[in-house]
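Asks: Can you keep this structure in mind? I'll have questions shortly.
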Amino acid sequence: MSSLYTRRGWLALGALAIALFAAVPVCALLVPAGSPLHLSEYWVSLAGKILCYAVVALAMDLVWGYAGILSLGHGLFFALGGYAMGMYLMRQIGLDGVYHSPLPDFMVFLDWKAYPWYWRFSEHFWYAALLVVLVPGLLAYVFGWFAFRSRIKGVYFSIITQALTFAAMLLFFRNDTGFGGNNGFTDFKRILGVPLATPQMRVVLYALSAAALIGTLLLARWLVASKFGRVLAAIRDAEQRVMFCGYDTTHYKLFVWTLSAVVCGIAGALYVPQVGIINPSEMSPANSIEIAIWVAVGGRGTLAGAALGAVLVNGAKSAFTQLLPEYWLYFLGLLFILVTLFLPRGVMGLLPRENAA
Amino acid sequence: MRNLVATLLLALAAFAPPALALDAAVVHQLALGDTSEDKIAAINALLESGDEQAEPLLKALLAGSVQTSGERVLIVNGDSARDAVTGEKVSPLPTDASDVVLNNRVRGVLDAAVSALRLVSPERATRLKAARELADDPRAAALPVVEKALARETDPEVKGLLEIVAASVRLHAGGKAERIAAIRTLAASGNSKTETLLLPLLAKKPDGAWAEPDAEIRDAAQASLAAVRGHLAWGDRLGLLFAGLSLGSILMIAALGLAITYGLMGVINMAHGELMMLGAYATYVVQNLFRAWAPGAFEWYLAAAVPVAFAVAGVVGIVLERSVIRWLYGRPLETLLATWGISLMLIQAVRSMFGAQNVQVDNPSWMSGGVQAMANLVLPWNRIYIIAFAALVVAGIWLLLTRTRLGLFVRGVTQNRAMAGCVGVPTARIDTLAFGLGCGVAGLAGCALSQIGNVGPALGQGYIVDSFMVVVLGGVGQLAGTVYAGIGLGLVNKLLESWSGAVIAKIVVLVVIIVFIQKRPQGLFALKGRAVEA
């Protein structure tokens, strides 16, 4: 983990930061529309979306790559963060919905007369921001407390997290749950009173995503290089031995698990205003497994690799769905198989040893 | 109405031996008569004649497919027609044919006449159906007709139904003793319609007075209502139990293959659901082949589909084991990801070959319909067969694992791979065969599912979480756990469903399993010893 503290590591990170922060806004806002260097709103949104995925991949790498916990339910935390932000965005629509009612369209459709109790305060941005952190964090804490306390690990843990996100998906699919059922939240108009569908707003959201990515990367780097990170890696490699050394592994795992969920929630909150929709399919088990493959493609336990994997896989997904939509699943399936069989250390494993952490 | 009933009564009383052909004059009066009275008289005359030919004519009249051409009366069926009097074929239709138009009064008489004819039909099935229809809506019944039919009826089931129909009519007519007797008769019926018949007797008028002034009748109605409700509640309970058993057997058979691949071999096969889907599609292909090449044997296509589904899924499983999974033994998380990749490719392959839409798999006729177990409880044949099929598969797997050499080897490898290898068990080949077996059972599950649900590329994904839950709950490493967990989950799911709705029930079950795993991470029936410690 020393690369971050070398000159080259800092240089690489700095170059990445400049590329992320400067290039896209300049190309999107300053370069005139006719120029080949111009980025349309679509591309800015796509880039912002992929950066959110990269944040999720980092969160996943923390628990899987360093603590050895394969979660198949990280999509749930991502979606919960998204829903928390979505509630606020729905409130911001105000009277501009199809039915011109103070309630969201789907509630009018259900003939509800008032917001249910859990929608209280959601008109305040600060409250939504609080929910974005608290809801995934609390759920992860409670779930993790139960799971780690009774020493559920390995495949069992994976399957149970998958059941968790599956159950949540079913719950959110219900219209009566009060989160828009099948269709979820969409038709967002503005955030903090500022319209969403402007090039400037897209660049701002993109920049926030980039900041989140870099912030998460720095935090995760600091964390895994610390003593805490070393204990985590030790737990991954020989949990019983760590326990016999006197460490309470439950606390370590619980902390990194909850932190990872919170990071996912933040990524989800940044994701929703950029894609303009959140619905329960984000919680489908398939989505959560896909997160694992981003990390596996990039390389487990390498952080930068995980983010890179998310960018690569999602870039490929965008390319495939536009050019060869019917071959995307073949490609993704092959990716799963080939990476597990032949690239256990991911793309980062292909780099020369000294650079690859 | 009274007139009509009287004539119908006459008609039934005078049931003469069937004449050879209908009386032409009567038929003319019916089709060409000027007034409604003429037509009603003709209908009654036809009933009185007791002619078997009368029924098709009256039915055709009701359906609006009787036409007249000059003096001829024709029963039209598509492009051809039949002379109603002589029965000779008339084709093509005469150009001047015009419809016989009925007004509502004549139509009402016709309705009653047709159902009266059906109540005395020589066919038991026809009488039963007519009686059931009347039992569902007794207000349409004319008491004298029902009583006459009752007097002639010999079949106990039809007779029971008719008695209830008669009682429902008598409920509001006749003397007090008669009404109480009718109410008591109704108590024996398990029909949900009886409830709505009895309830008005116990209602209060807006001014607070009883709708039924006689307290004795009210008491009798109260008692009968309780009895009927008891019947219905039992029907509901048994229905729930059956639904739970049915779901349980489906979960069990879906999880059984997983119990072999995961429970015995420790391989997380996320493509299990897709192998079920392959089994279902294999059934679909066999069905189409039978339809194209052996339509006569279509009823029995399932007999061929079962082994084909097993073989297709089993062979795919063996290929997967040889090519991918065997490199990943001992690395369960990697296996999970790789098999997920396989499942994605299988889904897309099926989509490319058969399209993204659901395909149509038809039940053979012996699987459609159901057994009427109680008045409000029908047990569908396909569900009954699937319960039996699941039991057979479980028994077969159990025999295979406990009574054959292959089973012995599989158990040996499960318990101690190194030692099994040392005594000469070809462990690699056993792995392949056992994995193929687990996948083949998935194919069987898919074949079963094709008979009760939609067959589409997403079939497997709907079951994968559930079947893993069954295996996790049942405990790794043995079949008994899977059986109990499958049936138990099915029952609990359906019981909760009746109380809270399907989605909440499913969520509650998942949460309960998650909590349960805290207490017993090894499942309900954990193997003792270190075999479990993977």
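Asks: Taking the range B:450-479 as the region of interest, how many residues are away from every other protein chain (no Cβ under 11 Å), under 20 Å from residue B:507 (Cα atoms) and among the hydroxyl-bearing types (Ser, Thr, Tyr)?
Replies: Selection size over the range B:450-479: 1.
Asks: Please go through the range A:332-350 and give me each residue that is in contact with a helix residue (DSSP H, G or I) (Cβ under 9 Å, 6 or more places away or on another chain) and more than 9 Å from chain B (Cβ to nearest Cβ), ordered by number.
Replies: A:343, A:345, A:346, A:347, A:348, A:349
Asks: May I ask you to verify whether residue A:325 is surrounded by 24 or more Cβ atoms within 10 Å (Cβ to Cβ) and either without any contact (Cβ under 8 Å) to a residue 12 or more places away in the chain or away from every other protein chain (no Cβ under 11 Å) (or both)?
Replies: Criteria not met by residue A:325.
Asks: Just for helices (runs of 4 or more DSSP H) wholly inside the range A:80-179: which have at least 1 residues that are buried (at least 23 other Cβ atoms within 10 Å of the Cβ) and away from every other protein chain (no Cβ under 14 Å)?
Replies: The helices (runs of 4 or more DSSP H) meeting that bar are A:125-149.
Asks: Out of curiosity, is residue A:306 surrounded by 24 or more Cβ atoms within 10 Å (Cβ to Cβ), on the phi < 0 side of the Ramachandran plot and facing another protein chain (nearest Cβ under 10 Å)?
Replies: The answer is no for residue A:306.
Asks: Pairs only if they're at least six apart or on different chains, beta carbon under 8 angstrom, first in the range A:65-80 and within 15 Å of residue A:165 (Cβ to Cβ), second part of a loop (DSSP other than H, G, I, E, B) and of a type outside the set (D, E, K, R); list them, first residue then second.
Replies: Partner pairs satisfying both residue conditions: A:75/A:284.
Asks: On the given criteria, is residue A:221 closer than 27 Å to residue A:289 by Cβ, within 14 Å of another protein chain (Cβ to nearest Cβ) and out of contact with any Asp or Glu (no Cβ under 7 Å at 6 or more places or on another chain)?
Replies: Spelling it out, it is not the case that residue A:221 is closer than 27 Å to residue A:289 by Cβ, within 14 Å of another protein chain (Cβ to nearest Cβ) and out of contact with any Asp or Glu (no Cβ under 7 Å at 6 or more places or on another chain).
Asks: Also: Out of B:319, B:315, B:361, B:350, which single residue is at negative phi, more than 8 Å from chain A (Cβ to nearest Cβ) and modelled with pLDDT under 90?
Replies: Going through B:319, B:315, B:361, B:350 in turn, just one is at negative phi, more than 8 Å from chain A (Cβ to nearest Cβ) and modelled with pLDDT under 90: B:361.
Asks: Tell me which residues, restricted to the range A:252-267, are over 14 Å from the mean Cα position of the chain (by Cα) and of a type in the set (Ser, Thr, Tyr).
Replies: Correct list: A:252 only.
Asks: Condition test on residue B:436, is it assigned to a helix (DSSP H, G or I) and surrounded by fewer than 24 Cβ atoms within 10 Å (Cβ to Cβ)?
Replies: It is false that residue B:436 is assigned to a helix (DSSP H, G or I) and surrounded by fewer than 24 Cβ atoms within 10 Å (Cβ to Cβ).
Asks: Residue under question is residue A:288, and the condition is that it be among the hydroxyl-bearing types (Ser, Thr, Tyr), surrounded by 24 or more Cβ atoms within 10 Å (Cβ to Cβ) and either within 14 Å of chain B (Cβ to nearest Cβ) or not in a helix (DSSP H, G or I) (or both); does it hold?
Replies: Judged against the criteria, residue A:288 is a match.
Asks: Any idea which of B:218, B:179, B:229 is buried (at least 21 other Cβ atoms within 10 Å of the Cβ), at negative phi, among the basic types (Lys, Arg) and in contact (Cβ under 8 Å) with a residue 12 or more places away in the chain?
Replies: B:179
Asks: Let me ask something additional. Test residue A:219 against the stated conditions and say whether it is farther than 23 Å from residue A:344 by Cβ, of a type in the set (A, V, I, L, M, F, W, C) and at pLDDT 90 or above.
Replies: Against the criterion (farther than 23 Å from residue A:344 by Cβ, of a type in the set (A, V, I, L, M, F, W, C) and at pLDDT 90 or above), residue A:219 qualifies.
Asks: Has the range A:309-317 got any residue that is within 14 Å of chain B (Cβ to nearest Cβ) and over 29 Å from residue A:12 (Cα atoms)?
Replies: no
Asks: From the list B:336, B:302, B:278, pick out the single residue that is more than 9 Å from every other protein chain (Cβ to nearest Cβ) and closer than 30 Å to residue A:157 by Cα.
Replies: Matching residue, one of B:336, B:302, B:278: B:278.
Asks: Do we have residue A:270 as modelled with pLDDT of 90 or more, within 16 Å of the chain's Cα centre (by Cα), in a helix (DSSP H, G or I) and crowded, with 23+ Cβ neighbours inside 10 Å here?
Replies: Taking the combined requirement at face value, the residue satisfies it.
Asks: Any residue at all in the range B:36-48 that's modelled with pLDDT of 60 or more, over 40 Å from the mean Cα position of the chain (by Cα) and β-branched (Val, Ile, Thr)?
Replies: Scanning the range B:36-48 turns up at least one residue that is modelled with pLDDT of 60 or more, over 40 Å from the mean Cα position of the chain (by Cα) and β-branched (Val, Ile, Thr).
Asks: State all residues of the range B:243-279 that are of a type in the set (Phe, Trp, Tyr) and at pLDDT 90 or above; if no residue qualifies, say none.
Replies: If the condition is that a residue be of a type in the set (Phe, Trp, Tyr) and at pLDDT 90 or above, then no residue fits.
Asks: Any residue that is surrounded by fewer than 16 Cβ atoms within 10 Å (Cβ to Cβ), more than 29 Å from residue A:22 (Cα to Cα) and either within 14 Å of another protein chain (Cβ to nearest Cβ) or at pLDDT below 90 (or both) - is there at least one of those in the range A:187-200?
Replies: yes
The values are calculated or read from the model by the stated rules, or taken from the named source; none is laboratory data. Since the structure is predicted, the reported quantities are computational estimates derived from the model, not experimental observations. In this analysis, Cβ positions are derived from the backbone assuming ideal geometry, glycine residues included, and neighbour counts consider all displayed protein chains.
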